[in-house]
Amino acid sequence: MNAGGPAGADGYVAGWGPPSVSPAAAAFARQAAAGCGPLGGERAKNLLWAAGKLADWAIGMGLEPAPQVLLHPSLVERFAAHGPGLSGPARRTLRTNLRFIGRRVVPQLWPADAPLPRERAKVPYTPAQIAGLLALADAQPTTGRRMRAAALVCLGAGAGLAGADLRAVRGTDIAARSGGVVVQVHGARPRAVPVLARYHGRLAESAAWAGSRLITGGRDPARRNLTTPLISRLAGGSGLPPLEASRLRMTWLRDCAELLGLATFMHAAGITCSQRLGDIIAGLEPGSEADAVRLLGGAR
């Protein structure tokens, strides 16, 4: 049966009762869909099927086919998570449609979602700003400050390190190998990270100066905010933006994305959600260290 436009959809809803759905479940589905207001044909079909599947499942457990019972948020969530014989995409679609019905038929049970603030990614530094920060590092009055400040900029903007990963780096963790310069990261996610080629010289100098010591200073890498006193003691820098490890990391992420052609790939694939990227690479193995050096701009 073709639901057609809104007028046709009303007739379709009133007569809906496929043999695969029990009469009681079909009656509930018709009541639920009718309570959603004017619907297009395809929308009416989707809502009827969602409500019918929910009702068949719930009636089989002895529940009353009443909107205030079957469209309760907790029951909808339970059905979406544990309803038998449903694929992952079907569960997500059914939950979306049942939430739509619930918010229109029994709105008192579905208070409006409170909007939550979304923290935006830090704005990357421009090349001119990075040059200014490196010049600031070079202008420090002591060798120690010069080396630690340069290492901070190079490890952040050149290798994307921040937080605990950055605090734990020692001079001996930085080595020339695989055709570039690589930082060995310890901690929760151990890995080798290629350093962008333009930072090799400065970082190598800082690494040689630090030796086995922590390259950004301090004695205990578990100490939090280790980079804060380093940044606060930097002398000069008039007209420069604040030095932030998170912005340095974002600068590296942007530069690597550009090298990989990530924006071009996502545009061509029609992908806008980063979760899709995670799903795509879930079954792929990362390349070798030499591959990472070549792809991520670390080749000397």
### Query
Which residue pairs have Cβ atoms closer than 9 Å, lie 6 or more positions apart in sequence or on different chains, and pair a first residue in region 21-34 that is more than 11 Å from residue 59 (Cα to Cα) with a second residue that is in a loop (DSSP other than H, G, I, E, B) and of a type in the set (Phe, Trp, Tyr)?
26/16; 29/16; 30/16; 33/16
### Near pairs, Cβ below 9 angstrom, 6+ apart or cross-chain, from region 118-146 (part of a loop (DSSP other than H, G, I, E, B)) to any residue that is polar (S, T, N, Q) and buried (at least 17 other Cβ atoms within 10 Å of the Cβ)
122/251; 124/251; 125/251; 126/251
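Could you list, in sequence order, the residues of region 256-265 that are free of Cβ contacts under 8 Å to residues at least 60 places away in the same chain and closer than 10 Å to residue 296 by Cα?
Initial filter on region 256-265 (free of Cβ contacts under 8 Å to residues at least 60 places away in the same chain): 257-265.
Answer for region 256-265, where residues must be free of Cβ contacts under 8 Å to residues at least 60 places away in the same chain and closer than 10 Å to residue 296 by Cα: 257, 258, 259, 260.
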## Note on the structure
Log entry, pairs with first residue in region 53-75 being without any contact (Cβ under 8 Å) to a residue 40 or more places away in the chain, second being not hydrophobic (A, V, I, L, M, F, W, C), beta carbons closer than 6 Å, six or more apart or on different chains, reads 55/65; 56/22; 57/83; 59/65; 71/102
### Query
In region 168-190, is there at least one residue being among the hydroxyl-bearing types (Ser, Thr, Tyr), assigned to a helix (DSSP H, G or I) and within 24 Å of residue 133 (Cβ to Cβ)?
no
### Task
Would you be able to tell me the number of residues in region 238-257 that are surrounded by 18 or more Cβ atoms within 10 Å (Cβ to Cβ), among the aliphatic types (A, V, I, L, M) and not in a loop (DSSP other than H, G, I, E, B)?
3
### Task
Considering each residue of region 269-290, count those that are under 18 Å from residue 174 (Cα atoms) and of a type outside the set (A, V, I, L, M, F, W, C), and give that number.
2
### Task
Go through (1) surrounded by fewer than 20 Cβ atoms within 10 Å (Cβ to Cβ); (2) charged (D, E, K, R); (3) over 19 Å from residue 290 (Cα atoms); (4) out of contact with any Ser or Thr (no Cβ under 8 Å at 6 or more places or on another chain) one by one and return the number of the condition residue 191 breaks.
(3)
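Just so you know, all these numbers are worked out from the coordinates, no wet-lab data involved. The model shown is predicted, which means the values in this text are computed figures rather than measured ones. Here Cβ is always computed from backbone atoms with ideal geometry, including for glycine, and neighbour counts include all displayed protein chains.
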